[in-house]
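The structure under discussion appears below in the form of structure tokens.
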Amino acid sequence: MDNIDHFNLRSFDLNLMIAFDAMMQEMSVTKAAEKLRIGQSAMSHNLNTLRMLLADDLFVRVGQKMQPTAKARALAGPVRTALSQAQNALHATDSFDPQSAQRVFRLGVTGEMDMILLPVLMQHLQQQAPGIKILSRTITSETVDGMINGGEIDLAIGCKSQLNTGHFGEVLFNSEVACCFNPDILDLPLPMSRAQYLASRHAVLSQTENVAGCVGVALQGMGIELDVVLAAPDFMPLLAAARNSAVIATVPCRIANQYAPLFGLSYCPMPIDVAFPPVTMNWAVWTDKDVGLIWLRDQIRAAINAIAPDRELQAAE
DNA sequence: GTCTGTCTCTTCTGATGGGG
DNA sequence: CCCCATCAGAAGAGACAGAC
């Protein structure tokens, strides 16, 4: 604690970190102000103060939205962790020792997070909490409310930003997708063009009865029809299909980065700019008094931060 | 050492203008 | 038209000096 620069911290109001965190979640001065129950001008002033203190624009206006700069994105994780730790220090009424704790945590995760988060999270837990066990349950946007309300799962991680009242939630990262294909079967360049993407046949994720999947539905909203020939609730069948047939598997960038090379697939960013729902973490209000679960929540944040951001995706053969 | 009055600074709101 | 930045003014908190 002796090396903390109290002089600099004196000029940095903790509320500015809260304002920054709200901006990262809302990507809008107006919405962030509403979230913190202050006026838009006060929020704008907070942002301006942050810009001066950190010598960076932090958020730049692009059309109707505020886009975070590289520095803002780099600060997002550490700021959220610091706020969480401060909150824990103020509210914790019990103690939790990860090294000695013996406990089973029940995580509700979507297929995507199953494959992205759990390998990294387990690596963290093996080192820091050898007595902790994870019971992973598959969730969908339809089942998550009932499972978290019924106590079947402790935390829910996936693509659903709003649960019923009585829950806390936060955005972990924004979903971006990549196109994976077998270069021995499909003669496509890297990166492929929008026209080449639309002229191909597709394998997409779908957790509903709709064969168009979340990608097809998002494109339908833009007036674009995708030729979907395979819809599956998990990503492995999509990548396997792309390996064996002339289809493009559209999957989250993190999945493409980690798993496309294992299937011998080439991949590149999706050539159409589509806004998908962000990946979120949700938990019931009562769990906020559970220091063990708060600790796990912070481990999940750390694991997410340890995974390369989607924006780093480059076309790869 | 404690209390009180005054000044200064910070942060807020509401109004308004400008950019996309 | 929506949203952000900026300005003027108000309110509250903190710093400081003087009185007791």
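A short reminder: the numbers here are calculations on the coordinates, not readings from a lab. Just so it is clear, the structure is predicted and the values come from calculations on it, not from any experiment. Glycine gets a Cβ as well: all are built from the backbone with ideal geometry, and neighbour counts include every protein chain shown.
Counting other C-beta atoms within 10 Å, which of A:Met192, A:Met23, A:Met236 has the fewest, and how do the rest follow?
Going from sparsest to densest Cβ surroundings: A:Met236, A:Met192, A:Met23.
Taking amide H atoms as placed 1.01 Å from N in the peptide plane, list the residues 5 or more away in sequence, or in a different chain, whose amide H sits under 5 Å from that of A:Phe59.
A:Thr69
Enumerate the calculated ³J(HN,Hα) couplings along the stretch A:246-258 in order (Karplus 6.51 cos²θ - 1.76 cosθ + 1.60, θ = phi - 60°), each rounded to whole Hz, writing x wherever the residue is Gly or Pro.
3J(HN,Hα) across the stretch A:246-258, in whole Hz: 7, 10, 9, 8, 9, 9, x, 4, 5, 5, 4, 4, 8.
Counting only residues 5 or more places away or on other chains, whose amide H sits under 5 Å from the amide H of A:Arg201 once H atoms are built in the peptide plane?
A:Ile248
Considering the alpha-carbon set of the stretch A:9-89 alone, what are its Rg and its Dmax in angstrom?
Values for the stretch A:9-89 (Cα only, Rg and Dmax): 12.0, 40 Å.
Where the Cα atoms of the stretch A:177-269 are projected onto their three principal axes, how long is each span, largest first, in whole Å?
Here the spans come out as 30, 27, 22 Å, largest first.
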